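Just below is one structure, and these are the notes that go with it.
Each value in this text was obtained by applying a stated rule to the coordinates, not by laboratory testing. None of these values were measured; they are calculated from a predicted model. Please note: Cβ atoms are built from the backbone with ideal geometry, for glycine as well, and neighbour counts cover all protein chains shown.
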Ligand code: NAD
């Protein structure tokens, strides 16, 4: 293991850890030596993912079913995770998704739902976890935002606003918790071909290959490519990084007047 990336002896909690980016992060953290708790709402899918990663890596990988938008449930879940793992060093606030609606047609309840999941839940879980993360003087939180939180996405107004808020939560939490040895960083993925994303694109007839023509790397990213950035920020390899948002989006999307290359 390259020095700084080894997570042996650490315990990690990954929300939304049963599918997509969260599952790849959980796998990578376990491959690097961490014990991992996967958290999401659907117990069956989570248990299967935990079993798969445990068998593959030989690490202790368990799961807890929890709706992280419920502050009380999130608090109880974090305590149970810390009790079962014996400690908590790494928190990945990854659970998130977007509704689709024009702002003028968006019901206030839908706005609230997206903000609760993509912003409030990260606060609830972090707030419950902070004492555990501080306990060994070397904790790390990584929040999963989105390029939608930087550029904005039409039809995903609440999600875009919440993901932008998550980047500022990252900065303030980093400033408040840094003196106690807890780093807080964020990744902002672009278009990532998770199974659920691919199914969603097919359903609305969205042509990802065509959409990627504006990205320098000309293709959607993979869940593993996002997981690698998250695992970096969660590890000692990023020991002097805090309050940062790292985009994982295939490069800057610039417009030009001539075909330059
Ligand atoms: P995904 O749907 O596979 O993952 C989302 C996870 O969150 C699921 O496991 C789901 O069960 C969990 N979840 C949803 N609501 C929850 C709740 N109330 N309580 C607990 N768990 C809940 O999709 P993904 O693409 O892997 O998304 C992971 C993160 O990456 C999300 O925050 C998403 O916004 C972000 N992201 C994804 C993309 C992309 O293109 N796939 C782009 C930018 C950002």
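A few notes on this one:
- Evaluated over the chain, the Cα radius of gyration and Dmax, each in Å: 17.9, 59
- Footprinting exposure proxy ranking of 53, 21, fewest other C-beta atoms within 10 angstrom first, gives 53, 21.
- Largest GNM mean-square fluctuation among 170, 153, 69, using the chain with Cα springs under 10 Å: 153.
- Sites residue 102 and residue 150 - FRET efficiency at Förster radius 22 Å, r taken between beta-carbons, to 0.05: 0.60
- Stretching residue 42 away from residue 210 to a fully extended chain increases their span by 57.1 nm, per 0.36 nm per residue minus the current alpha-carbon distance.
- Helix-derived mean residue ellipticity, 222 nm - over the chain, DSSP H n ≥ 4, -39500 (n - 2.57), to 500: -13500 deg cm²/dmol
- The shape of the range 80-161 comes out prolate: with a ≥ b ≥ c from the C-alpha gyration tensor, a/c is at least 1.5 and a/b beats b/c.
- Overall dimensions of the range 1-75 as given by Cα atoms, namely Rg and Dmax in Å: 12.2, 39
- Cα shape, the range 140-212, gyration tensor, a/c 1.5 rule: prolate
- Shape class of the range 50-101 from the alpha-carbon gyration tensor: oblate, with a/c at 1.5 or above and b/c at least as large as a/b.
- Choice from 52, 244, 225 with maximal GNM fluctuation in the chain (Cα, 10 Å cutoff): 52
- When the chain is treated as a Gaussian network with alpha carbon springs shorter than 10 Å, the biggest mean-square fluctuation among 199, 42, 32 belongs to 199.
- Surface/4 of the Cα convex hull for the range 171-261, nm²: 8.2
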